[in-house]
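The values are calculated or read from the model by the stated rules, or taken from the named source; none is laboratory data. Nothing here was measured: the structure is a model prediction, and the numbers come from that model. FYI the Cβ positions are ideal-geometry reconstructions off the backbone, even for glycines, and counts take in every protein chain you see.
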4 protein chains.
Amino acid sequence: MRTITVGVLGAGRIGRIHTNNLFRMSGVRVKSIADPYADFTNWPPDAVATGPDPELVLDDPEIEAVLICSPTPTHAPFTDAAAKAGKHIFCEKPVDLDPDRIRQTLAVVEAAGVKMQVGFNRRFDPTFARVRKAVTDGEIGDVQIVKITSRDPEAPPVSYVETSGGIFLDMTIHDFDMVRFVTGSEVEEVYAMGAVLIDPAIGDAGDVDTAVTALKMANGALAVIENSRQAVYGYDQRVEVFGSKGSAEAANETANRVTVSGAGGVRRDNPLYFFLERYQVSFAAELEAFLTSIREDGDPPVGGRDGLMSVLIGLAAARSMAEDRPVKVEAP
Amino acid sequence: MRTITVGVLGAGRIGRIHTNNLFRMSGVRVKSIADPYADFTNWPPDAVATGPDPELVLDDPEIEAVLICSPTPTHAPFTDAAAKAGKHIFCEKPVDLDPDRIRQTLAVVEAAGVKMQVGFNRRFDPTFARVRKAVTDGEIGDVQIVKITSRDPEAPPVSYVETSGGIFLDMTIHDFDMVRFVTGSEVEEVYAMGAVLIDPAIGDAGDVDTAVTALKMANGALAVIENSRQAVYGYDQRVEVFGSKGSAEAANETANRVTVSGAGGVRRDNPLYFFLERYQVSFAAELEAFLTSIREDGDPPVGGRDGLMSVLIGLAAARSMAEDRPVKVEAP
Amino acid sequence: MRTITVGVLGAGRIGRIHTNNLFRMSGVRVKSIADPYADFTNWPPDAVATGPDPELVLDDPEIEAVLICSPTPTHAPFTDAAAKAGKHIFCEKPVDLDPDRIRQTLAVVEAAGVKMQVGFNRRFDPTFARVRKAVTDGEIGDVQIVKITSRDPEAPPVSYVETSGGIFLDMTIHDFDMVRFVTGSEVEEVYAMGAVLIDPAIGDAGDVDTAVTALKMANGALAVIENSRQAVYGYDQRVEVFGSKGSAEAANETANRVTVSGAGGVRRDNPLYFFLERYQVSFAAELEAFLTSIREDGDPPVGGRDGLMSVLIGLAAARSMAEDRPVKVEAP
Amino acid sequence: MRTITVGVLGAGRIGRIHTNNLFRMSGVRVKSIADPYADFTNWPPDAVATGPDPELVLDDPEIEAVLICSPTPTHAPFTDAAAKAGKHIFCEKPVDLDPDRIRQTLAVVEAAGVKMQVGFNRRFDPTFARVRKAVTDGEIGDVQIVKITSRDPEAPPVSYVETSGGIFLDMTIHDFDMVRFVTGSEVEEVYAMGAVLIDPAIGDAGDVDTAVTALKMANGALAVIENSRQAVYGYDQRVEVFGSKGSAEAANETANRVTVSGAGGVRRDNPLYFFLERYQVSFAAELEAFLTSIREDGDPPVGGRDGLMSVLIGLAAARSMAEDRPVKVEAP
């Protein structure tokens, strides 16, 4: 297996997760990590070069692939620069909050002829992949209804909410991608309703913390997503696809399979607490898929267009809620 | 326990179910059953008088309570007549498809001072009652999101669809009542989307067979209902209520609790096939509650106003789908 | 459907359950109930004759079938008398604690040519019947291992224990019958171990409250039963049959299908509390089967020989525990 | 974190699993691997020394800890040699099939003052660890009954069976350790019954393929283990502990959490196929625990005495089956 040399831009939480996953893989070498704010004292191992400037990664001709894990506003410019430097790109979502800026970047990537994968890791979760398989194998027939439950265990700080682009671009964006993934179809129209039921400060910041989004798909199916910023019992991530031959339903993951019966009832431990635990496997699997697409010169399983589509749906949802009417999703 | 003498109008499927349930109860005597079309050869037992004319029931001063199980267009006139005759009324849903006609009947009932219960039997199902209890006991805190899955095992004949009033008044009406029941709050605004994915003839008849309905509740909660006329695995009747302290989720009922593991996977038998099996217990329980309200001179647990509200929500949903916009629910 | 006239001997708890079930059935008339100790003030309805003496039932030529629900020591003599009077017999278990006495009674019944059913109601439970069906349908292949979990919610009073014949004849006897039922094979050898872990007074009375019994079946399969007199979470009644093509596993029944998730975990309500709730359906179903066997002149599904076999296994288990060695089951 | 230098004896299946796990860990360096039969062409990485002779590992003063993954007959001699060389030892189970040989080795290890851990990996499985926690936390009170289901997905070749020491020393030995682990108590007496129901060749080789073992524990609890060499639906590994305050029940692990409902029933995928998949996490966790015990100079969580006890119970079970009588477990 050919070894791929990788550089990483951004050493925050998600950058470290990805880099540590790369350390555990065969056929990949992390050569350098650039971050202007990170403390590199105890991490990474000495063999990895570190520094504040992206040029450490972008200007190194030995680096074949770049992971972009820096803040959202840098995603598009770093993707542009990496593409122009002839490097394959794994970019965290969203590519940008402005669809035109994404389109511009996708054009740069296409012109450069490099591969680009966007970090919709949930597609690589074994449970959701099994749901998708039920669709592609014809096990449940033609898709008619998709239901997604997506609830975080705790609301983010208001400071985060203020710059996140709103619940639909920050949180539901994953669910929009999931609807597209499990159906293999595009979203045509969106109707979204939201409420502030958890933290009034989120409302003061102009966002909602509870939302229901209904979608019409190009293949005729209907979909519904419901979100909450706070499920006190932990991260609630479920998907159900219903079709002409049956349904496939994904339940929550838990840390163990134990049921305890006592005088007060029959209990199981709560679902895994949040995305770091819940999507541990899928974070590694998406990088494996990215590296494989490079090695075998294939298309990455989640491309730049997927990154664009989910933002377009998110913007339609935000407008729908603001104007209390269904909104068509803009063409890519 | 005081014995209540009951008459029944309508000996079709639902009329027979109710009457047979009455036969198994203590403290109630079924005196007569009127139906112009029924064949009374083998049923009921000889002790029960039968005949074609409603007067058999309505004009009998010994009859204290009437079950109205006849076709929908007769519900309002029979309710009026029974009320004027001073009889307590159990009326199948919907009371009428026209809210004004329902209002007129509710006024007659109120003027007569008799009790009226509408046949939203699902409220009496032990599983849904347990969900409601989780709300009223404060076990799951303030309600934030309600999700209802309601799928029939097979589509009705098109002839039925043509006179049913459409999916929202015929099928979703139960789910609208369920949302009101579990939340204890009213629906303010509705957005509905529908599709014809199962039987094109249903579309030709002007109806849809697949629907997603999003609702805003007076208490601020959001709700979503999804319906299908055909789930090949059986009757799919689930409710989930999510709140500030947790969630309560009702799974489907099955005929047994057996899991069979084999080379091909781990299997359970399908959910109970349809409403006769699924709601067997609740059909009996709603009548028990009706008789108790008479005996103890209390309010029936589901009143005429509940019958009106669900029709108003259904009409808003139908209009929403027709006009592709959210629609406010009319005041009762 | 021909109406069968029934008399009941014994109006204690189980006698009332059976009689009330008969009241709700078609094609059966309860003519009289005899019990020397019962208070008949508020029950049964006036149409039923009552009195202290068994002759009220046994000497009435109109009575075609007798339910024997009186204390255990009277089972055999009442069965003998009913058989000699030409009446069909439903007898509660055990027929007697002495196998020879049972053999004598079975001979009387056979000579009289009447039908006899023994009250192993669990065979009629829809869940256990489904397990049996998995065997007879070949769904799980040849049976290799049977596992039974049978735990009561609370220990009986010591006064009861003293006359019950011990845990194997009082409690495990049902499980011995279940092993025979689900396998369709006979028990050849038994090894039983017991312990006093719940109530020392049970040990003082010469019995155990916790037991594990291992069995060798005639068809080569192995079986294991574990019993406890006290499961604080309720009645725990599970059966698993494992075979060459898979396994069938029966879970506990619950009053509802609701799961509540909260900060402290994911909870369901406890299993149904005890046999009155858990076996409500099977108590009625066994009587229906008894009446059907009379009407259609067929063999009752659980006969006198089944009553004898379970006692023989129970006696072998008791001896095994006493002598700490495996014991062969005596031939019927 | 201090880096520990490790050598590995045996590069067969289990040796590779352990070594690859070490490669993914921090704070550990695999310096050399010795195996007289292994093909080292494509594995391990070049930095690791390989060779046929155990001296490569045993004579290297830099190596601090040894993993013994060679065939069973070499476990004791290699453990002796490693101990004398002052190295800490992780030894696969069983240490030996002869208790006296194990005792001899344990004496050598004790004299050398090195740490020894035996490879009962299942103790480190998150699900079984949660069951143990339910006991130690007092969540289920005093243990009264333990039930273990342990079924392999397919029978081993007869050639393997012939040298394995029999089902109780090869397969049930893990379950004996599990009973000791979850109860924290010792086994005092064993009664075992076996049958040949899967492969007659296993019977010809003098072994059984189906077994039920009943155990009396020192703390008064009863336990039962049932084993099969072939569950067609996959690896069936369940444990239930029942106590005075409730029960803790471990269900099987599966590759995903999807339920598919169709016309033929409600299905889930089978349990994980075999121990490589099922115990992937616990294989890594036991090594982490071993390395931690070295680093922190603590006792390994599973010691040599645990290895001895499980063999003593296995021998008692084999004798019990052979002589069809309960057998006391020999003192360590």
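Of the strands (runs of 3 or more DSSP E) that lie entirely inside segment B:219-332, those containing 2 or more residues that are of a type in the set (A, V, I, L, M, F, W, C) span B:222-228, B:236-243, B:246-250, B:258-262.
The residues listed here are A:Gly194, A:Gly165; of these, the one that is at negative phi and among the small types (Gly, Ala, Ser) is A:Gly194. Taking the listed residues C:Phe128, C:Phe120, C:Phe168, C:Phe176, the one that is more than 27 Å from C:Asp59 (Cβ to Cβ), in contact with an Asp or Glu (Cβ under 7 Å, 6 or more places away or on another chain) and at pLDDT 95 or above is C:Phe120, with no other qualifying.
Just one of the listed residues (B:Val258, B:Val182, B:Val224) is more than 30 Å from C:Gly243 (Cα to Cα), among the β-branched types (Val, Ile, Thr) and within 14 Å of chain C (Cβ to nearest Cβ), namely B:Val182.
Which of the residues that make up segment B:200-213 are within 12 Å of chain A (Cβ to nearest Cβ), buried (at least 23 other Cβ atoms within 10 Å of the Cβ) and free of Cβ contacts under 8 Å to residues at least 60 places away in the same chain? B:Asp209, B:Thr210, B:Val212 - these are the residues of segment B:200-213 that are within 12 Å of chain A (Cβ to nearest Cβ), buried (at least 23 other Cβ atoms within 10 Å of the Cβ) and free of Cβ contacts under 8 Å to residues at least 60 places away in the same chain. What do you reckon, is A:Leu197 facing another protein chain (nearest Cβ under 10 Å) and assigned to a strand (DSSP E or B)? No, not satisfied. Of all residues in segment A:300-332, exactly one satisfies the criterion of being of a type in the set (Asp, Glu) and within 18 Å of the chain's Cα centre (by Cα), namely A:Asp306. For segment A:4-27, residues that are closer than 18 Å to A:Glu62 by Cα and either within 20 Å of the chain's Cα centre (by Cα) or modelled with pLDDT of 95 or more (or both) total 8. Scan segment A:10-34 for residues that are in contact with a helix residue (DSSP H, G or I) (Cβ under 6 Å, 6 or more places away or on another chain), aliphatic (A, V, I, L, M) and within 16 Å of A:Ala65 (Cβ to Cβ) and jot them down. Across segment A:10-34, the qualifying residues are A:Val28, A:Val30, A:Ala34. Is it fair to say B:Val57 is touching a residue at least 40 places away in the same chain (Cβ under 8 Å) and in contact with a helix residue (DSSP H, G or I) (Cβ under 6 Å, 6 or more places away or on another chain)? Considered against the rule, which asks whether it is touching a residue at least 40 places away in the same chain (Cβ under 8 Å) and in contact with a helix residue (DSSP H, G or I) (Cβ under 6 Å, 6 or more places away or on another chain), B:Val57 comes out as no. Scanning segment B:176-215 for residues that are over 19 Å from the mean Cα position of the chain (by Cα), under 28 Å from B:Gly141 (Cα atoms) and among the hydroxyl-bearing types (Ser, Thr, Tyr) yields a single hit, B:Tyr191. Filtering segment A:90-129 to residues that are over 28 Å from A:Glu249 (Cβ atoms), in contact with a Cys (Cβ under 7 Å, 6 or more places away or on another chain) and of a type outside the set (A, V, I, L, M, F, W, C) leaves only A:Glu92.
Restricted to segment B:254-268, and to residues there that are touching a helix residue (DSSP H, G or I) at 6+ places or on another chain (Cβ under 8 Å) and crowded, with 18+ Cβ neighbours inside 10 Å, the residue that is nearest to C:Glu139 (Cα to Cα) is B:Val260.
State the number of residues belonging to segment D:51-73 that are surrounded by fewer than 17 Cβ atoms within 10 Å (Cβ to Cβ) and among the polar types (S, T, N, Q). Residues flagged as surrounded by fewer than 17 Cβ atoms within 10 Å (Cβ to Cβ) and among the polar types (S, T, N, Q) within segment D:51-73 amount to 0.
When B:Ser150 is tested against (1) crowded, with 23+ Cβ neighbours inside 10 Å; (2) under 30 Å from A:Met321 (Cα atoms), just one condition goes unmet, and that condition is (1).
Against the list (1) under 24 Å from B:Val182 (Cα atoms); (2) modelled with pLDDT of 95 or more, the condition B:Lys93 fails is (2). Within segment B:27-44, is even one residue touching a residue at least 60 places away in the same chain (Cβ under 8 Å) and surrounded by fewer than 18 Cβ atoms within 10 Å (Cβ to Cβ)? Yes: one or more hits. Annotation: C:Asp80 fulfils all but one of (1) acidic (Asp, Glu); (2) outside any helix (DSSP H, G or I); (3) in contact with a Ser or Thr (Cβ under 7 Å, 6 or more places away or on another chain); the unmet one is (2). Criterion first (over 14 Å from D:Phe78 (Cβ atoms) and either crowded, with 21+ Cβ neighbours inside 10 Å or not aliphatic (A, V, I, L, M) (or both)) does D:Ala134 satisfy it? So D:Ala134 fits the description; yes. Would you mind finding the one in A:Gly298, A:Gly304 that is of a type in the set (Gly, Ala, Ser), more than 19 Å from A:Asp177 (Cβ to Cβ) and modelled with pLDDT of 95 or more? Criteria check complete, one pass: A:Gly298. Take the residues of segment B:274-301 that are of a type in the set (D, E, K, R) and closer than 17 Å to C:Val281 by Cα: which is surrounded by the fewest Cβ atoms within 10 Å (Cβ to Cβ)? Restricting to residues being of a type in the set (D, E, K, R) and closer than 17 Å to C:Val281 by Cα, the top hit is B:Glu277. Checked against the criterion of being surrounded by fewer than 24 Cβ atoms within 10 Å (Cβ to Cβ), free of Cβ contacts under 8 Å to residues at least 12 places away in the same chain, at the interface with another protein chain (Cβ under 7 Å from one of its Cβ atoms) and among the hydrophobic types (A, V, I, L, M, F, W, C), segment A:242-253 contains not a single residue that satisfies it. Scanning segment A:172-191 for residues that are in contact with a Ser or Thr (Cβ under 6 Å, 6 or more places away or on another chain), farther than 19 Å from A:Arg238 by Cα and hydrophobic (A, V, I, L, M, F, W, C) yields a count of 1.
Would you say D:Tyr235 is more than 17 Å from D:Val143 (Cβ to Cβ), modelled with pLDDT of 95 or more and within 14 Å of chain B (Cβ to nearest Cβ)? So D:Tyr235 fits the description; yes. Restricted to segment A:1-67, the set of strands (runs of 3 or more DSSP E) holding at least 2 residues that are of a type in the set (Lys, Arg) comprises A:28-34. Of the numbered criteria (1) crowded, with 21+ Cβ neighbours inside 10 Å; (2) more than 17 Å from D:Glu253 (Cα to Cα); (3) more than 9 Å from chain D (Cβ to nearest Cβ), the one A:Pro271 fails is (2). Total residues in segment D:129-157 satisfying the condition of being touching a helix residue (DSSP H, G or I) at 6+ places or on another chain (Cβ under 7 Å), away from chain A (no Cβ under 13 Å) and in a loop (DSSP other than H, G, I, E, B): the figure is 1.
Among the conditions (1) touching a helix residue (DSSP H, G or I) at 6+ places or on another chain (Cβ under 7 Å); (2) within 24 Å of B:Gly194 (Cα to Cα); (3) not charged (D, E, K, R), A:Leu287 misses just one, which is (2). Any residue that is closer than 14 Å to A:Cys91 by Cα, among the hydroxyl-bearing types (Ser, Thr, Tyr), within 14 Å of another protein chain (Cβ to nearest Cβ) and touching a strand residue (DSSP E or B) at 6+ places or on another chain (Cβ under 6 Å) - is there at least one of those in segment A:4-19? Within segment A:4-19, one or more residues are closer than 14 Å to A:Cys91 by Cα, among the hydroxyl-bearing types (Ser, Thr, Tyr), within 14 Å of another protein chain (Cβ to nearest Cβ) and touching a strand residue (DSSP E or B) at 6+ places or on another chain (Cβ under 6 Å).
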